[in-house]
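Asks: Attaching a single structure in structure tokens format; questions to follow.
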Amino acid sequence: MRIKQSIAALMVLILTIVGLNSMTTSASAAADYIQVSRQVTPGEITTEEEVTVELTIQGTPPVSVIRPNDVILIIDKSGSMAGDKIIAARDSAKGFIDLMDFNVHRVGIVDYSSSNNVKVFPITTDANAAKAYVNTIQASGGTGTGYAIDAAVTELMREPREGAQPVIVLMTDGDATEPNGSAYEYALDRAAAAKEQGIVFYTIALLNANDNPDTSGPNQLLTKMATTSSHHHFVLGSVGLSEIYAAIVKEIGIASAYDVTVTDYVSEHFEIVPDSYLHNIPQPTVSGNEISWSFLELKNNTLNFTYKVRPKTQNPGVFSVSTTAANVTYKDFAGANRNKLIGNKSIKVKLPAPVITSIVEPSGHPLGGNEVQINGDKFVNGARVFFNTYEARSVNFVDSKTLRVIVPPGSQGTVNVKVQNPDNQFATGSYQYMADPEVSSYSPTEGPMEGNTVISMYGNYFMPGVTVKFGDKSAVITTQRTGFLSLKTPAVTEVGLVDITIQNPDGTSLVIPSGFNYLEPEIPKLEITNVNLNTGLPEGGGTATIVGKRINPEVRVFFGDNEAQVKSVVSTERIQVIVPAGQPGKVDVKLVNPDGEEATLAEGYTYAYPDYPAPVVNTINPNQGEIQGGGTAFISGTGFVSGVKVLVNDIPATVTSNTLYRITIVIPASTVEGTFDVKVINPDGKEAILPASYTYILPPPPPAPVLNRISPDNGLITGNATVVLYGENFMGDAVVLFDDIELPTTFVRSDQLRIVTPASDEEKVVQVRIKNPDGQTTVENITYSYIEPQPEPVSITSLNQVSGITAGGNTVYINGSNFQRGIRVFFGDNEAEVKSYASARRIGVDVPPSLTTGLVDVTVLNPDKGQFTLPGAYRYTLTQPTISSLSVPSGLTTGGTIVYINGTNFEPTMSVTIDGTNTPFDYVSNKRVKIVTPPSQYAGEVPLVVTLDNGESATFNFTYEEPPKAPAPFIRAFNISSGPAAGGNTVYISGHNYVRGATVFFGDVESPNVIFNSTTRLGARIPAGSGVVQVKIVNPDGQESNTLEYTYQ
């Protein structure tokens, strides 16, 4: 049985190696299975702050490549696992085994509790035997996690399978308890030693349902043990344990990268903040400004590594956080060495903002000139100081905490003080300009006791909010400026002199002793000072304005003995009245208040007539009209006065306007016809007569209507069209006859009517006539034609594409007018499919194929038969391929790079060449094909050409690159560092960049047998020797490793 298993394992290994070798050329060179990026937060700091650097490593493994794995399941069977936990652990482990592919992988089991109860089920490909063993596991005892790890390592190293990756999957529910006093550290140390020997370490913490994962001891321990943070899992209770095992088994053997080292080189402007990286899994190695993380594999996930940096100097600027050497080195699934640079980021470093803590002597006169001391921190030589918007011209930089400043002039009050460093960062404080008010003059200096005397006061340093008191009474300030006050005095109860006190809001003040004299109040009385417009006609009716004092709103007004009507009371000092009629001559004007108080202005108003000359009438035009009157006539002459009257045949006419030389009247109606006198009478009674000057005549009979034309003269048989009829002598309530059909009209004016046409059941011509209410009818031969509806005119204005290949299928948008739903479109004789109806102005169609090239007409046909053709609007051309991009623009000269060519109009029968070499391709679609690049003798840019059967081609450049040189091997550690002088024992050497066929030298003596375990692990048989020798590894390409000491005992 053992022999059969060995043979089977050997066959799997051979198949795996053959598969890997066959894919090395094509896959390893064609794809990049990791992505790395950098973020810095924040992007701007001061010289005293820190920034977080985050490196993100994203893996994307090739799903078709599986590396053989030898897996040890370490299962905790301590007493705390009793009950549901151990049942869930057994079931989950068996589920893990069921999912393993034993054609590729092997599995072993270590179940443990106390140090004396660690059992091992050897690595096997017999799934049933492994599951049968799992069923025997029972819970009891302590938790010797470190001992279990040692047992698992021993089993994995017992007969290591060449090319297989050793893996440990550890599941426990509690803190390690053995050995007593150092169980935690021992378990962590053994896990670290296992990882040093190239073992991938998965951990699963089986926590209680109410545990906090962030503070749980077992969870913290297992997190640190795992190869990376993505190799650690936890569950609360037992729920989800089987799913975690299933997830792990799915990714066993699949990885994006192996032997990964992430190295960041912090630039000289920054330093790494100590311990800012301790939360990372795995822990990084830090040396000066170099920080690196090493781990055995990267799965299909994302790892985030963070640490902090801080500026090393006090110099501001924009600096790169890293050097250009920051990189990720790893091996892909075929063992090829890869190197990927990590992009850089810049950080803006600025000085800290200044701070003001105090200002010594924080107030002074508005004229400035005094020195103040500003205390604070972070002041910089060259700092500027502003008092509000006024900059101090003298700033003495004492040190970073002290400035001495000469205060500039300013406005009285509190202002902001700003200290602005040369980098424009600033701090603010406050300063107060203070000065007692000053008064240079004011007037008046006396007024009545009732106050409200308006005083204008001139001076300086009057602040907003200033108060003024007369004695102990506050004045009302109506206007305030720095050098001027306008105020009203307060009322007082006693006459005499009082002090004037001016006080600013900041406490500054001025007292003017005996500054104002209050006088006895005057006794007011009714009086008239004057009458505006104090002359008028004896018949009165004009408006006069009386100005005076103490006029009551109920006042009565008399012109002589005649009382006037009060038109409006403007105020107690002004009223308007309508002057009553009076006799020519002067009269007194008297006011009488309701309390009987009177005031009289002697001879205040004069009644008088102007001395007008007698009027003269020359003509009247027109001089005749119909007896119903109403017409306008114009009378010319001289001496016409406002208020003039006109009579025609002794009948009063309406005067609408008049000047000295012309009167406009409306002729009055007359009951008789004939010729009569026209008389003009001025208001003063003087008159003039124009004898037999106006003739009344009888009106003529109404004329018959005349129809000249109609518009429009045709319309649809559906009717409801508005028609306008033009002619003469139309009357209100006239009707229109369509043949014998009488239609109502809208009367516009005597030469225009409007109608709405009735519907007709057929196309025909009707006679149109107009009949007035008096029965008179038009006789002109005017007709209206009923017609069938015509299709709406449709048009094409443009196409968004005017050419395309003969295969058609491209979408063209046609712009025009009156497109109807259901429209049809033709390209030449071929009908296109209408794909979209956007609007009556735009449709989208798929162009039909054509057998020939050249121009064709484009025709649209509406459902109502409306049609339009745009001649030669579209051109058919031969299919022209294009190349827009390559998925991989470059590859190695060894060839084998998988490249997707993206473009248009590709065909399955076309040809592809690279630098003239015909290259097979896989046809994906008419926009994409896949090729594998052939080898090239030279590196550099070459043409990639696709050619269609019709001879049309497209070209794009592809770049061949020389293969990268493999890195030198590196020795990290030995599993033993000393041995017998006779040699013969085997040492396992961990490190990276090992290559199959490498040799190992102990001093100058080559090891007789080297076992290639992986790129990170070699086994070497130690030759005989003596003393301390240097051990080195030499790869087949001649690159040598560093050396470590080995001691012969």
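Asks: Rounded, prolate or oblate, given the Cα gyration tensor of segment 136-265, with a/c below 1.5 counting as rounded?
Replies: Rounded, since a/c falls under 1.5.
Asks: Follow-up. Given Cβ point charges of +1 (Lys, Arg) and -1 (Asp, Glu) and nothing else, what value in debye, to the nearest 20, does the dipole of the chain about its Cα centre take?
Replies: Here the size comes out at about 3020 debye.
Asks: Could you list the GluC sites (Glu not before Pro) in segment 554-585 that lie in coil according to DSSP, counting only those with at most 11 other Cβ atoms within 10 Å of their Cβ?
Replies: 554
Asks: Would you mind checking which residues have amide H under 5 Å from residue 108's amide H? H placed 1.01 Å from N; only 5 or more apart, or other chain.
Replies: HN-HN under 5 Å from residue 108: 71, 72, 73, 124.
Asks: Here's a follow-up. Work through the residues other than residue 394 whose Cβ is under 9 Å from its Cβ and net out their charges, Lys, Arg +1 and Asp, Glu -1.
Replies: Neighbour charge sum, excluding residue 394 itself: +1.
Asks: Just to confirm the number: angle between the C-alpha axis of helix 2-23 and the first principal axis of the chain, 0 to 90 degrees, nearest 10?
Replies: 50 degrees
Asks: Provide the three semi-axes, in whole Å and in decreasing order, of the ellipsoid equivalent to segment 567-674 as defined by the square roots of 5 times the Cα gyration tensor eigenvalues.
Replies: Whole-Å semi-axes of the equivalent ellipsoid: 45, 17, 12.
Asks: I've got another one for you. Taking the Cα centre of segment 906-1029 as origin, work out the dipole magnitude from +1 charges on Lys and Arg Cβ and -1 charges on Asp and Glu Cβ, in debye rounded to 20.
Replies: 760 debye
Asks: Return the Cα extents of segment 64-208 along principal axes one, two and three, sorted largest first, each rounded to a whole Å.
Replies: Answer, in whole Å and largest first: 44, 32, 25 Å.
Asks: Using only alpha carbon positions, build the gyration tensor of segment 220-284, then give the equivalent ellipsoid semi-axes as the square roots of 5 times its eigenvalues, largest first, whole angstrom.
Replies: 31, 17, 7
Asks: Report the antiparallel proportion of the DSSP beta bridges in the chain as a percent, rounded to a multiple of 5.
Replies: Antiparallel bridges make up about 85 percent of those DSSP assigns within the chain.
Asks: Additional query: Within the set of other residues whose C-beta is less than 9 Å from the C-beta of residue 989, count the net charge using Lys and Arg as +1 and Asp and Glu as -1.
Replies: Local net charge: +2.
Asks: Further question: Leaving out same-chain residues fewer than 8 places away, which lysines sit with a Cα under 17 Å from that of residue 590?
Replies: Once the sequence-local lysines are set aside, what remains near residue 590 is 525, 549, 567.
Asks: Also, I was wondering about something else. Against the longest alpha carbon principal axis of the chain, how many degrees, from 0 to 90 and to the nearest 10, is the axis of helix 241-251 turned?
Replies: It works out to around 80 degrees.
Asks: Take the cross-link list 131/224; 835/927; 77/224; 308/378; 131/250 and give me the ones stretching past 27 Å between alpha-carbons.
Replies: With Cα atoms farther than 27 Å apart: 131/224.
Asks: Give me the dipole magnitude in Debye, nearest 20, for segment 527-607 about the Cα centre, with unit charges on the beta carbon: positive for Lys and Arg, negative for Asp and Glu.
Replies: 240 debye
Asks: Give the dimensionless ratio obtained when the Cα radius of gyration of segment 488-568 is divided by 2.2 N^0.38 Å.
Replies: 1.99
Asks: Net charge around residue 955, counting only other residues with Cβ within less than 12 Å of its Cβ (Lys, Arg = +1; Asp, Glu = -1)?
Replies: -3
Asks: Angle, helix 84-99 long axis vs. longest principal axis of the chain, Cα atoms, 0 to 90°, nearest 10?
Replies: Helix 84-99 and the main axis of the chain meet at about 80 degrees.
Asks: With 10 angstrom as the radius, rank 952, 162 by how many other C-beta atoms surround their C-beta, starting from the fewest.
Replies: Ascending Cβ contact count within 10 Å gives the list 162, 952.
Asks: Which of 824, 1017 has the fewest other C-beta atoms within 10 Å, and how do the rest follow up to the most?
Replies: Arranged by neighbour count, lowest to highest, 824, 1017 become 824, 1017.
Asks: To two decimal places, what compactness ratio does segment 438-519 give when its Cα radius of gyration is scaled by 2.2 N^0.38 Å?
Replies: Expressed relative to 2.2 N^0.38 Å, the Cα Rg reads 0.98.
Asks: Right, here's the next one. So if I take the centroid of the Cα atoms in segment 43-122 and the same for segment 842-908, what is the distance between those two points in Å?
Replies: Measuring centre to centre over Cα atoms gives 55 Å.
Asks: Stretched out fully, how many nm does the piece from residue 358 to residue 314 gain, at 0.36 nm a residue minus the Cα gap?
Replies: 13.3 nm
Asks: Okay, moving on. Kindly put 561, 211, 32 in sequence by how many other C-beta atoms sit within 10 Å of each C-beta, fewest to most.
Replies: Placing the least packed residue first, the sequence is 561, 32, 211.
Asks: Normalised radius of gyration for segment 700-754, please: alpha carbon Rg relative to 2.2 N^0.38 Å, two decimal places.
Replies: Against the compact-globule rule of thumb, the ratio is 1.18.
Asks: For the chain, what is the convex hull volume of its Cα atoms per residue in Å³?
Replies: Hull volume normalised by residue count: 457 Å³.
Asks: If one computes the Cα centroid of segment 128-149 and of segment 719-787, what distance in Å separates the two points?
Replies: Computed from Cα coordinates, the inter-centre distance equals 113 Å.
Asks: Hey, another quick one. Can you give the Rg to Rh ratio for segment 970-1048, taking only C-alpha atoms and Rh from Kirkwood?
Replies: Using Cα coordinates only, the ratio equals 0.92.
None of the figures in this text is laboratory data; all of them are computed from the coordinates on show. Source: prediction; values computed, not measured. Every residue, glycine as well, gets a Cβ built from its backbone with ideal geometry; the counts of neighbours run over all protein chains shown.
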